[in-house]
Amino acid sequence: MPLTEQTRAAAREIIARYPEGRSRSALLPMLHLVQSEQGAVTAEGVEFCAEELGITHAEVSAVATFYTMYKRRPVGDWLVSVCTNLSCLLRGGEEVYERLSKNLGVGHDQTTEDGTITLEHAECLAACDYAPVMTVNYEFYDQVNPDSAEEIVEALRRGERPAPTRGGPLCTFGESSFQLAGFEDPRPEGVAGQGVGTPSLAGVLLAEAAGWKAEDGVAGAPPLTPLPSNAPPSAASAPAAPASSSPASSSAAAPASPAPAPGTPGVPQTKVN
Ligand code: FES
């Protein structure tokens, strides 16, 4: 099915945001845009992006297959991503995934028969402090367990939109893809929700209580040293060449430079930020 005139107009708006001759930089939002209408980056979407941006199909496909947020098969209204990476795995993420997979009757990257829910294993969702987490269309549900995750998904199947733990209210996959293409959420409540939560601040609060400061560096490490300068060495500091050496023989006979010791001026040191 051809892309709608609305999508084509949105594509022109995206491309106009980039300087002349740099339109290929619009590829990432363009891919989200075609995905917002078709639920995936289809062959037609690849062709559309290539033609609009003056690049090859291969260049578009290379990007679309590199990033996990671009889907090659149509996604349902609700993309349920369960993190099973290390922090979440240790706190029960795999059990959450297994429960949802069993109840929905689908595996990774598969969509339920009614076309509403797509399930996927996700790698770190950047919310390890709230592990185990799952997202629906990239909105967070923190510290879930198999029961609470099941309740969220059952609510979705009933046509409800359960409130995420953080951020604004849920959007469909098409709506969130349109926002990812760079268009505002038209709902006033779309930018509502709490900001940073207590688990995200735990490290900062601990450091404050202990009186740690970033500029103190790592306990026990050598003191920080200045970055090396690019300025040429002065005549006084440049090593003198042996008077009897020819250029060729001096380079062949030059001893290898010893590795600088830790703490030597000009050698960067590890620093905790
Ligand atoms: S490991 Fe799950 S959010 Fe980081």
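For the reader, a short list of remarks on this structure follows.
- Normalised contact order of region 78-171, rounded percent, pairs of Cα under 8 Å and 6 or more residues apart: 32
- Once you reduce region 19-85 and region 158-174 to the center of their Cα atoms, the two points are 23 Å from each other.
- Table column - 3J(HN,Hα) (Hz), region 22-29, Karplus curve with 6.51, -1.76, 1.60, x for Gly and Pro: 10, 5, 4, 5, 7, 4, 4, x
- Ordering of 96-108, 73-85 by packing [mean C-beta count within 10 Å, highest first]: 73-85, 96-108
- Taking Lys and Arg as +1 and Asp and Glu as -1, the other residues whose beta-carbon sits under 10 Å from that of G174 total -3.
- Separation in nanometres of the label points that stand 7 Å from Cα toward Cβ, at Q6 and L201: 4.1
- Percent of alpha-carbon pairs separated by more than 24 Å within region 78-171: 9
- Of the peptides 51-63, 33-45, the order by per-residue mean of other Cβ atoms within 10 Å, starting with the highest, comes out as 33-45, 51-63.
- Cut-off 11 Å, label 7 Å out along Cα→Cβ of E151, residues of region 102-136 by amide N: none
- Amide H contacts of E139 (H built 1.01 Å from N, under 5 Å, at least 5 apart or other chain): none
- Global form of region 5-64, assessed from the alpha-carbon gyration tensor, a/c cut-off 1.5: oblate
Coordinate-derived values only; no laboratory data. Source: prediction; values computed, not measured. All Cβ positions, glycine included, derive from the backbone under ideal geometry; neighbour counts span all protein chains shown.
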